[in-house]
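Engineer: Right, I'll just put the structure down here and ask away after.
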Amino acid sequence: MTTTTAVTDQPDLADLSDLSDLDESVRADPAAHRVLTGDRPTGPLHLGHYFGSLRNRVRLQRLGVEMFLVIPDYQVITDRDIADRLAEHTENLVLDYLATGIDADRATIFTHSSVPALNQLLLPFLSLVSVAELHRNPTVKDEIAHSSQAAVNGLMLTYPVHQAADILFCKADLVPVGKDQLPHLEVARTVARRFNERYPRPDGTAVFPRPRALLGAAPLLLGTDGGKMSKSRGNSIPIGADEDTTARLLKGAKTDADRRIGYDPAGRPEVSNLLLLTALCQDRTPEEVAEEIGDGGAAALKRTATEAVNEYFRPIRARRAELAADRAHLREVLRAGSGRANAIADATLAEVREVMGSL
Ligand code: ATP
Ligand code: MG
């Protein structure tokens, strides 16, 4: 057994620079990959989820990669006292998944709290990470800044490690996420590496893969206030919003006073964000959209963005409305997913107990 892994190691940077090989390796052997990702049941999924992660999930599933979607209900109580309307939010996430193209027959969709063995992995994993590392995590710091709680609870501080358990319980190697999740992916990679070094299998092979982040086309879509679009910050445009609501929300989006519309993400983030959103919906470049609007100003930009979003999401929204009529089906999807996730988590926990020498 090696003892070279100190818990004070430097951050373990995932190789995010080049994912161009991904499609090729996935296409060549989809069964060699597994995807895990998820969304907190804190509200309806929004355009940031769609272009940041969800569209990639659907793409990977269609290529034939096995898909795990965790609804991390325990992570809701990291930044609030109780999980408000938990069952409703959970069912609505399933609805958003199915409406955007996730195939429930081939995906495993489950809640955190329904898979005890997954949560038990948290205990050995916590021993692999130092308190200083937990305090340094920039995403945790940001979420603490936006939290409604007076004091930071232990679950908040340790939730990147919990997320490592979410990813590693099913040995996922691909994690389609937004940019805010990159520090957490580093934690998952660090936990996997340290666990593998500390507890190798008798034949020297590793128990866990090193998961990779897969950034979407909009790794950080901004909300109507110019900050990260988030379910719980009152700045989001839900995937399932109706056309009038979408128009109203986009009309209220923050922009700037320069009538000449141009794509400059660093200098003009809000205008560029609307250009990117429009471009993604119309399969064009943001520069082309900017050129077309020219001197039309923010009002023309918002009208164009509204039409593009409503057009793109029309079939998804129609399907969502159909699926929403059958709540029992949504619960059945979760029940089946939980069964599959439990079987896999039990097997992984048994393996972990064995390499740790538990009786
Ligand atoms: P909350 O406000 O409850 O934290 P959220 O909107 O941040 O909600 P999460 O459930 O925390 O959503 O994140 C789910 C996934 O969606 C993560 O992979 C995250 O990186 C991605 N994501 C969330 N917001 C955005 C965004 N604005 N742009 C791109 N990706 C995003
Ligand atoms: Mg979040």
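The values are calculated or read from the model by the stated rules, or taken from the named source; none is laboratory data. Note that the coordinates shown come from a computational prediction; the quantities given were computed from them, not determined experimentally. As a convention, Cβ positions derive from the backbone with ideal geometry for all residues, glycine included, and neighbour counts pool all protein chains shown. Ligands, DNA and RNA are excluded from the accessible area calculation, which covers all protein heavy atoms including side chains. Shrake-Rupley method; radii C 1.70, N 1.55, O 1.52, S 1.80 Å.
Engineer: In whole Hz and in residue order, list the ³J(HN,Hα) couplings for the range 101-115 that follow from phi through the Karplus curve 6.51 cos²θ - 1.76 cosθ + 1.60, θ = phi - 60°; x for Gly and Pro.
Structural biologist: Here the 3J(HN,Hα) series is x, 5, 8, 5, 6, 10, 10, 10, 10, 8, 8, 3, 6, 8, 10 Hz.
Engineer: What is the Cα centroid distance between the range 162-222 and the range 313-359, reported in whole angstrom?
Structural biologist: If you average the Cα positions of each part, the centres end up 19 Å apart.
Engineer: Just to confirm the filter: which trypsin sites (Lys or Arg not before Pro) across the range 47-108 are DSSP coil and have at most 16 other Cβ within 10 angstrom of their Cβ?
Structural biologist: Arg80, Arg85, Arg106
Engineer: Output the antiparallel fraction of DSSP beta bridges having both residues in the chain, as a percent to the nearest 5.
Structural biologist: Working: 2 of 17 bridges.
Here the antiparallel bridges make up roughly 10 percent for the chain.
Engineer: A further question on this structure: Defining a contact as two alpha carbons under 8 Å apart and six or more residues distant in sequence, what relative contact order in percent does the chain show?
Structural biologist: Answer for the chain is 23 percent.
Engineer: For the chain, what are the DSSP H helices with axial Cα length of 27 Å or more and mean Kyte-Doolittle hydropathy of at least -0.5?
Structural biologist: Details: long enough: 297-324 (39 Å, -0.41); 327-356 (43 Å, -0.08).
Within the chain the helices that satisfy the rule are 297-324, 327-356.
Engineer: Once amide H atoms are built 1.01 Å from N in the peptide plane, which residues 5 or more positions from Lys228, or in another chain, come under 5 Å H to H?
Structural biologist: Those qualifying (amide H under 5 Å, at least 5 residues apart or on another chain) are Gly223.
Engineer: Based on the Cβ-Cβ distance of Asp326 and Ala266, what FRET efficiency does E = 1/(1 + (r/R0)^6) give at R0 = 35 Å, to the nearest 0.05?
Structural biologist: Details: r = 46 Å, r/R0 = 1.31.
Step by step, r from the Cβ atoms, then E = 0.15.
Engineer: Using a probe of 1.4 angstrom, how much of the accessible area of the range 77-152 is carbon and sulfur, in percent? Walk me through the intermediate numbers first.
Structural biologist: Details: 1910 of 3410 Å².
The value for the range 77-152 is 56 percent carbon and sulfur by accessible area.
Engineer: Hey, can you find the accessible area per residue of the chain for me, probe 1.4 Å, expressed in square angstrom?
Structural biologist: 44
Engineer: Probe radius 1.4 Å, ligands and nucleic acids ignored: give me the carbon and sulfur share of the accessible area of the range 195-346 as a rounded percent. Intermediate values should be presented prior to the final figure.
Structural biologist: On the way: 3790 of 7380 Å².
Percent of accessible area from carbon and sulfur atoms in the range 195-346: 51.
Engineer: Could you tell me the extents of the chain's C-alpha atoms along the three principal axes, largest first, rounded to whole Å?
Structural biologist: Reported extents, whole Å, longest axis first: 70, 49, 45.
Engineer: Taking Rh as the Kirkwood radius, which is the inverse of the mean 1/r over Cα pairs, what is the Rg/Rh value for the range 41-171?
Structural biologist: Details: Rg = 15.5 Å, Rh = 16.0 Å.
Reported Rg/Rh, Kirkwood definition of Rh: 0.97.
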